[in-house]
Amino acid sequence: MNISLLAFASALFCGALAFSVFRNEKRNSVHMVFSGGMLLFGIDAVFSGLSWESTSINEIFIWQCWRLLTFALLPGVWLYFSLSYSRGNQRDFLSRWKFILGGTFLIPLALAGLAYNSLIVPVKDAKSGQWMLGLGQSGFFLTLIFLITTVLVLMNLERTFRAAMGTMRWRIKFMIIGLGMLFAVRAFTSSQTLLTHIIDPRLQVVDAGALFVACILILRSLFREGHFEINVYPSHSVLQSSLTVFLAGIYFLIIGVLWKAVTFLGGNTEFEIKAFMVLVAIVVLTVVLLSDRARLHVNRFISRHFQRPLYDYRTVWRKFTEATASCVNQTQLCQAAIKSATDIFQALSVTVNGG
């Protein structure tokens with residue numbers, strides 16, 4: 001497997017997506033931030049590919065330092081995007097998150113600029129006696145900030161997706177899945193780098209593979225017209241009912257144990273290929289599970305072959321009553337009725353006509 005070719009292909013894909021969105025005639029700040037974020041991911045992939053092509057430890061050191069410098073710009077850019085993408089109340093979110101957002105821009109840049117010499121340090125392996133590259137003090141904190149930001153980005157993307165309904169969810173689904181998968185993988189690789197304090201090339205192969213798959217999903221999303229113009233209004237609650245926050249804790253615990261098990265057993269020379277294939281399988285499964293039509297076909301299959309009713313009127317009426325009981329005005333009642341109708345009939349678009 002030519003891992004440098006995978007990195008360069010991913011970088012080229014990122015550049016093409018960034019250019020196609022930037023040249024949009026109706027571009028706004030969200031378009032520009034997305035283009036900048038994809039361009040940064042592409043530059044990151046280029047530096048990874050160049051380090052894999054290098055033959056000396058000094059050249060690898062230089063390219064990996066440049067890669068970490070790119071890391072300094074990624075957190076703020078993508079947090080800004082996750083707070084703005086498809087949100088009608090994006091100004092409210094940007095105002096509430098202004099200090100955190102400012103920190104994700106300023107702190108990484110300060111670490112990269114003022115403590116450049118401690119980004120990466122040479123480390124000698126006690127077993128093999130070979131020299132490797134490890135995280136220095138500033139490199140450790142830079143990676144830690146990036147890891148924390150990935151969780152925040154995932155949390156905001158989740159809230160946007162959960163607030164969308166029907167056609168709106170259909171339009172943004174592949175963008176959310178692509179970026180969600182990409183940042184979930186980045187959370188995995190960053191957490192492992194923090195655990196081992198070693199820059200492992202195998203993890204960067206997983207990053208490149210995830211970036212390529214994410215680009216495919218994002219490209220699919222770009223073919224759905226109007227996905228950048230959708231306005232949803234997520235709740236301002238930060239941690240309440242967030243699946244991302246819950247899964248992040250479980251995820252870091254399980255992955256840490258599994259990684260230690262692989263290391264104890266001597267590692268696996270085909271780790272990159274297997275991780276990439278598992279990644280593709282997870283993405284395909286996620287797309288199927290989030291498909292409204294797939295869920296409707298499954299319900300029909302169960303009703304037809306196992307003689308179970310497709311709809312239980314008692315359950316439907318109970319859920320509708322619970323959803324509308326707390327509504328105090330016409331707008332809330334209409335929104336609750338629309339959400340109930342889309343959930344029951346798996347409809348992409350529902351309209352309420354006033355009398």
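The values are calculated or read from the model by the stated rules, or taken from the named source; none is laboratory data. Since the structure is predicted, the reported quantities are computational estimates derived from the model, not experimental observations. Don't worry about glycine lacking a Cβ; one is built from the backbone with ideal geometry, like all the others, and counts go over all protein chains shown.
Between a residue in the range 186-200 that is within 14 Å of Leu68 (Cα to Cα) and any residue that is of a type in the set (D, E, K, R) and part of a helix (DSSP H, G or I), which pairs come within a Cβ distance under 8 Å, given they are 6 or more apart or on different chains?
That search, which allows pairs on different chains as well, returns Arg186/Asp207; Thr189/Asp207.
How about the range 1-118: which helices (runs of 4 or more DSSP H) wholly inside it have at least 3 residues that are out of contact with any helix residue (DSSP H, G or I) (no Cβ under 6 Å at 6 or more places or on another chain) and farther than 17 Å from Leu211 by Cα? If you could, list the steps in order and put the result at the bottom.
On the way: elements: 3-22, 29-53, 57-71, 74-84, 90-96, 98-114.
Once the helices (runs of 4 or more DSSP H) in the range 1-118 are filtered for at least 3 residues that are out of contact with any helix residue (DSSP H, G or I) (no Cβ under 6 Å at 6 or more places or on another chain) and farther than 17 Å from Leu211 by Cα, what remains is 57-71, 90-96, 98-114.
When you check Leu17 against the structure, is it assigned by TED's automatic domain parsing to the domain that holds Leu101 and over 20 Å from Val121 (Cα atoms), yes or no? Lay out the reasoning, then the answer.
Details: assigned by TED's automatic domain parsing to the domain that holds Leu101: yes; over 20 Å from Val121 (Cα atoms): yes.
Yes.
Select from the range 97-120 the residues that are of a type outside the set (Gly, Ala, Ser) and modelled with pLDDT under 85 and write down the one among them that is farthest from Leu135 (Cα to Cα). Lay out the reasoning, then the answer.
Start the filter on the range 97-120 by keeping residues that are of a type outside the set (Gly, Ala, Ser), which leaves 97-101, 104-109, 111, 114, 116-117, 119-120.
Of the ones still in play, those that are also modelled with pLDDT under 85 are 114, 116-117.
Details: Leu114: 16, Tyr116: 12, Asn117: 11 Å.
Per the stated criteria, the residue is Leu114.
Could you figure out which of (1) at pLDDT below 85; (2) part of a helix (DSSP H, G or I); (3) among the aliphatic types (A, V, I, L, M) isn't true of Val206?
If we test Val206 against (1) at pLDDT below 85; (2) part of a helix (DSSP H, G or I); (3) among the aliphatic types (A, V, I, L, M), just (1) comes out false.
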